[in-house]
Each structure stands twice: as C-alpha cells, then as structure tokens.
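Right, one structure below, let's go through it.
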Amino acid sequence: MTERFMNFLRSCWGPSSRRHDHSGTDALGRQDGLLWYKDIGRHVNGDFSMAVVQANSLLEDQSQIESGSLSLHGLGPYGTFVGIYDGHGGPETSRYINDHLFHHLKRFASEQQSISADVIRKAFKATEEGFLSLVTKQWPVKPQIAAVGSCCLVGIICSGTLYVANLGDSRVVLGRLVKATGEVLAVQLSEEHNAGFESVRQELHALHPDDSEIVVLKHNVWRVKGVIQVSRSIGDVYLKKTEFNREPLQAKFLLREPFERPILSSEPSISVLTLQPQDQFLIFASDGLWEHLSNKEAVDIVQNNPCSGIARRLVKAALQEAAKKREMRYSDLKKIDRGVRRHFHDDITVVVVFLDSSLTGWVSSHRGPTVSIRGGIDRPASSLTSYASAKLAELLDPMATLPSKGITVPASLLLLTAAAALLLFLLLSSLSPAPSSSSAASFSCPTTTAASSIAAATGPPDPISPTLDDIAWLKSQLVLNSIQEPPSSPAAWHSLRKGINPRTRDQQLQDLRRFKGISHYKGDDAENHTTLPCPEELLVEEHHSNYGEPWAGGRDVFEFLATAASLSPADHVLEIGCGTLRVGLHFIRYLDPARFHCLERDELSLMAALRYEIPSQGLLHKRPLILRGEDMEFDRFGSDVLYDLIYASAVFLHMPDALVWVGLERLSARLKLEKGRIFVSHNIKFCSRLGGDVCTNRLTNLGLEYVGKRTHDSLLFNHYEIWFEFRKLKA
C-alpha cells in the first residue's frame, strides 16, 4: 500500500515533460479508490488530461474523448470529440449517451462529409429518440427508468473550429491568453439550462404560460415542476411524454395534472467558435466541479501548473473547497465512501484539452493520434460497508433519489455522517505536498527542469508518431542547407554521387564477395575480425526491395497499428509473415524485450532479419522471438502468451481460405479479451467469399467479431493501406 501511495504522489506532483507517455500503462486510465484519472494523453489537436471522482452509490457521471476520424468510413473529417454526461436519478441515461451519441455523430458526419451544427443536432435527436425507445421497451418491467436522465455537454474540434453543444448545467470554459499582459482570461463557452438562472425561468414561463407552477422554489432551490433543476436533458421521459407520468412510477415523480407539451427539452444550445492562436486550453466539467470553483479559479489552476495530472489537480481543488464548506479536513472527506459522500459533493468529471495552435488549424483531412477513452470506473458494491453507507445515505436524506442537485443537509446530520464514515472505512493519509508554483505563458506543458533530470532519464518513451514541430524542423534544415528538389532522372541522380563513392550497388557486392569486406585484413588475419559475419547480399540491402513497397513504409504501418491498438511497451505483439522486419524493427524497438513474436516461412527473409537487421539496428538486447514455420503453427511461442496485437500484412491474400480459417481459430485462443486486436491488410476475401451472414456466424463460432475497416496514409510517399480489424467476443 505504501508503494502504491508513493507512486500516486509521484505521478500527481512530480515534474512533467513536454513529451508524455501516451500509450503506457495508464493508456486507459488508472483507479485510486473513488478517483479515476488519466494524467496525460495526446489527441489530434494537442494534449489532454482527465479525472473523475465518484460520490453517488453508482457513478452517474460518464465521459469520453474520441480523437481521430469523425466519420464511419474512417477517411475524415478528423478532429477531437469530448463528451461530459452528468446523469441524475441513476446511471442508465448517461451510459446510454456514452454508448450511442458519438456513433450517431459519425453517421451523420459521414452522410454530410463534414462537421456542422446540423450534424450535431441530428446526433442529439437520434440519441434522445433511441433512449425513448429503450424506455418504452423497459417500462413494463422497469418503470423507474422513465425518471432517469442526463445532462449532455459536447465539444468538437475540427478544422480550426470549436463546436459546443449543451443540455443541462455542465460547462466548458476557454483559457485565452492576452498577449499584452500575459494574463489568461476565463471565457465560458456553454449556455447552461438550470432553473436557478432567471433567464431559464423566463424561458420556461414563456413556453408554458398557462402553468403557474412550471418552476417552484423548493428547499431554497428553484426546480422545474418542483422536482428537477435542469430544463433540458436527454431522458427524463416522465417530463416529456405524459403517458409515462403515471403509476407504477414513484409518487414523488407524478404530476397532479397531465401535460400536453413536453416540460423539458432535448434541443441543445450550439455555439461555433473559430479558434485563435491565443486560445490555450478548454476545461470541460460536470457541475460537480463548478459548484466549488469559479471559472477564473479553474483557469488559473490550469495555467499555473504542469499539464500532466492537471485534471486531477482540479478535482482535488474542488474537494478541498467542499471539505472547507463543511468545516472538515480534506483528508477526512477522502475517507468517506460513495453514497454517503454525495452529501458533501457530487460526482465530478473534468477533461482539460490543450490546444496546439499549429495543429488546430489543420484542415479536416489531417490525421493525428487515434484516441478512444471513457472516464470513470464504478466500484462494485460487494461489501457490508458499501451496503451500510448506502442505507445511511437513505436515512440521512429521504430525497437522495430525486434527480436533482444542490441538496442542503443539516449540520447535525453531517456530523453523524462523518462519524459513521470514520467507523465504516479505513483511514487513508491525506495528500499534503505544496502545489507547484511554475507558470506557463502558452498552451504547452512546462518542460522538465534540471532538478528533475534523473526522473526524466527513466521516464516514458517519445511519442510514436512525428509531431508537426518535427516535420517543420526538418523542412527548415533542408532550406538552411540549400537542399534542392530531388532529381527526376537516373542520370541526375548519378550526378549527385560524384565526390562521394561512384560505385554502384552491384560493384559494392563484388567487392564484398571478393575481399569479404571493404577495408580488409590480409593473410592470416583476413577473417579474424568479424564477430557476426554477414552475407554480402544482405550488406548491400538488396532485401529492402524484395516485397513490393518502399522499406520506409514499414514505419507508417507501425505507427498506425500501435496507435490503433493503444499499444504500450509491455504488450505482446505477433506478426504473421514478418519478412525482413520492414515493420517488425519498429515494434521491436518500441516494445520491452521478448515482447515481439513472428512466424515467417521464408529462409532468406529470416536470414536478413536475424543476421543483418536486428544486429545493425542495435536491437539484439530486445530478444525478439522470430521462428520459421508454416501452416499457422503457433505452439512454439508458448502456451501461456496472450497477444495485445496480432497482424498480417499482405499474407492472408496469398493463403488458401481454409488455412486462413485454421489460423484464425488458433489465433482467437491467443488474443487478449477486449483489448486484443487482429489486423489484416488489403482484403478479407476469405470472409467475403462466404457471404456476410455466413462469415459473421463463422467468426462468432471462433469467438471473434469484425470491428471495421481502416485506412492509413504514408508519411513519405503517396500511398495508403486498408486494414480490417477484428477483436475477441466477450465470454
């Protein structure tokens, strides 16, 4: 426990680096009690940080960040999607939005081949209609689902434009730099729909002029019809369809009279903003954060602290304020379990999105890192203490199950809650290090200082793909050195060789064969100086042209597959037909030792891989397992190895269909559940020749599921490849 606690401290308060681990052990986030977090990640337009803390018995906040293609076909537009879904009355609606809204957006974006306010509006409408259909089906056996709803805040960055759509009272705030003073302003971008605002009450009265009780002040809080604070949402069907406002719904949700028009709306407020270079970052958060921090306070925290872990830092600041309001210590608040914790603060979700001005202005065809992350993990209610805390919450507040916010609890009950929590739960040490005083004048995360050089030396690896800064630097070096456009004829290319070494590749090969080297020893010492004698054919790298595509394309394939599979260095990768390691070299370099496996049938390819490529690239210490074999035999790789990624590049199309299916059956048993992926390039005629339904059924029988088709572009030449993705079905 001590080691885990110290690791938490280091990750939260330690120095950060401009280059972050975007695919390490926290690729999908980490959990620490009621706190879930992903300290840093990379999206198409910059960096991001996420954190969620649970207060309710069941986590009602849901969230996601999706970066990459914003369409179903995967060819663009590209951008970043952020969703914050603050549920009330239960988690069903927010979970439904998390599962369906982004898919609907991609569907409509594919139809219109762009992102627009109309596309977003259609996606919200489809999500609302889908949840209504779900309520209709479940009403006979689960009528309370009609009283479950969710706020919905969405932000989309695409082609230098930010789209914000909102239902309810979650909020997004922009940090905008004032160049003249260096100050960063807090600019609220979302319009909130909460009856606590006079403008919202006026809107409700205008929409319902005949209903004098459309908003009611109850327990010193304005509520729509006396039961809910928000005026717009997904779900809450009992206030939108009068046929669901009847028994067996709980009495507290029943209205005295039927209504003709929906009381709540699902029409989002949408704003469109062209991003400017001075726009530094965006803070997306549920109202659980904004109940305790002002816009300016949140912006100042982000501006004056490292990017890594910044979402966690915001959550902590909100919890400290919540504790202060209850006149208790932050360390004591942390000891209180979910359910009871709801009397002190709400579920809190924070996503901080940093804006790299060199990336946000790219056209929508720009392809960046592919990211798909959902925030928060419910902690299972499996202990007596969890049950006791939930019951205690009911005793303390009979209105705890109301889909509302801002409940006020008497001080005596708070004291009882705190005392019960101390008895029910283990004591944890509080976090007390002083916050960093470093500041940044732009969007970028603070760089590592000299004092943190030791930590940085053992820190995360560089990102998988080159950045725009890397490419810009290289172009500047070409200009600086007066490098002209490449020649267009063999003779012109040959003229560039003058003054270097006029020997052709064939002449190099002759010298190597004749002398066993270039500058060579003679006599008795002629062959005593070479530790790993390498065949001459390999030394002139003829094998780099044996496979139909430029050798440089291997890096493109690696970047695509490693990103698509959210690969970390500790993962296991299997390549079927790795050839001379055009792709495999990059995986070997990136992965931990012994994590790359390959099955290859060709003797020459194996010779080139083992006798030339691995030694010449300085990768012998990585100990890849490369075996010669045919007929999809994987037994020699060990029976206990499960793979995170299995891929076959232009291999299955040269095999009989029957052998491919045999291979898939064997590979299915070696694929990790949920995370594991199989990628097959070019085509899947072994499947399409059977027909859609037959192929799907056959895959299902093997425990596999077809996910979809993807494409990726080359960095150095005009080329793209098609990849087909499969995953293992859940048991």
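The numbers here are math on the coordinates, done by the rules we state, and not lab data. Please read all numbers here as calculations on a predicted model, not as lab measurements. So basically every Cβ, Gly included, is an ideal-geometry build from the backbone, and we count neighbours across all protein chains shown.
A few remarks follow.
- Pairs of Cα atoms farther than 21 Å apart, segment 544-728, %: 47 percent
- Label-to-label distance for Ser331 and Glu129 is 5.6 nm, based on points extended 7 Å past Cα in the beta-carbon direction.
- Multiplying the residue separation of Asn697 and Leu255 by 0.36 nm and subtracting their alpha-carbon distance yields 154.2 nm.
- Extended-chain gain in nm, criterion 0.36 nm per residue less alpha-carbon gap, Ala492 and Leu75: 146.4 nm
- For segment 573-623, dividing the convex hull volume of the Cα atoms by the residue count gives 60 Å³ per residue.
- Highest to lowest packing among 302-313, 231-242, 258-269, 641-652, scored as the average C-beta count within 10 Å: 231-242, 302-313, 641-652, 258-269
- You can think of it this way: the chain between Glu630 and Trp551 has 26.0 nm of extra reach, that is 0.36 nm per residue less the Cα-Cα gap.
- Mean Cβ count within 10 Å, highest first, over the residues of peptides 28-34, 550-556: 550-556, 28-34
- The order of the peptides 609-617, 153-161, 704-712 by mean Cβ neighbours within 10 Å, most packed first, is 153-161, 609-617, 704-712.
- Rounded FRET efficiency, nearest 0.05, which uses the C-beta distance separating Lys685 from Gln188 and R0 of 51 Å: 0.40
- Anisotropy class of segment 200-286 from Cα gyration tensor, a/c 1.5 cut: prolate
- Qualifying lysines (Cα of each under 26 Å from Cα of Lys125; at least 8 residues distant if same chain): Lys106, Lys137, Lys142, Lys225, Lys240, Lys241, Lys405
- Average Cα contact separation per residue, segment 276-337, under 8 Å, 6 or more apart, as relative contact order %: 28 percent
- Whole-Hz Karplus values for segment 47-53 come out as 9, 8, 9, 9, 7, 9, 10 Hz, taken residue by residue from phi with 6.51 cos²θ - 1.76 cosθ + 1.60 and θ = phi - 60°; glycine and proline positions read x.
- Mean shadow area of segment 70-124, taken as a quarter of the surface of its Cα convex hull (nm²): 3.8 nm²
- Put a dot 7 Å past the Cα of Asp640, heading toward its Cβ, do the same for Leu532, and the two dots end up 2.9 nm apart.
- Pair Gln320, Ser482: separation of 7 Å Cα→Cβ label points (nm): 5.9 nm
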